[in-house]
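Written below as structure tokens is the structure these notes are about.
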Amino acid sequence: MEKQALCVKAISYQEIVELKDLMERLVSWEELLSVLMAFFAFHSGPINKKQVIKEYYARGQIFQAFYEDYRRLVEVGDALVQKMVKAEKVGK
């Protein structure tokens, strides 16, 4: 069988840097999301209602910020991937 020529898409250094930046921003949410997971984990024992209400409000604010940033980052990532898909092919 004859080997077919492989066409590789040209990806600029800027696109790689943008993708790396996107990944770093997504990873930056990891610690805050673990705080949210701990809050929503099941706890046995007595519940302090006033404390739960305060924590619920604070965690709600964190989640709102995360959700807005996450949606924006997904859009940026999607646009970056589409740009890479449409990139000019290099090779034979």
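The values are calculated or read from the model by the stated rules, or taken from the named source; none is laboratory data. What you see is a predicted model, and the numbers here were worked out from it, not measured in a lab. Cβ: placed from backbone, ideal geometry, glycine included. Neighbour counts: every protein chain shown. The protein model used for the area step is the full one, side chains on, heavy atoms only, and it has no ligands, DNA or RNA in it. Shrake-Rupley method; radii C 1.70, N 1.55, O 1.52, S 1.80 Å.
Modelled with pLDDT under 85 and in a helix (DSSP H, G or I): does that describe Lys83?
Taking the combined requirement at face value, the residue satisfies it.
Suppose we keep only residues that are assigned to a loop (DSSP other than H, G, I, E, B) and open to solvent by 80 Å² or more (accessible area, probe 1.4 Å) within the range 36-61. Which one would you say is modelled with the lowest pLDDT? Quick ask: steps written out before the conclusion?
Taking the range 36-61 and keeping what is assigned to a loop (DSSP other than H, G, I, E, B), we get 41-48.
Imposing the further condition that a residue be open to solvent by 80 Å² or more (accessible area, probe 1.4 Å) reduces the set to 42-44, 46-48.
Working: Phe42: 70, His43: 73, Ser44: 76, Pro46: 84, Ile47: 82, Asn48: 85.
Taking the candidates together, the pick is Phe42.
Among (1) modelled with pLDDT under 90; (2) part of a helix (DSSP H, G or I); (3) of a type in the set (S, T, N, Q), where does Gln64 come up short?
Of the numbered conditions (1) modelled with pLDDT under 90; (2) part of a helix (DSSP H, G or I); (3) of a type in the set (S, T, N, Q), the odd one out for Gln64 is (1).
Among the residues of the range 16-33, count how many are under 18 Å from Lys54 (Cα atoms) and out of contact with any helix residue (DSSP H, G or I) (no Cβ under 6 Å at 6 or more places or on another chain).
1
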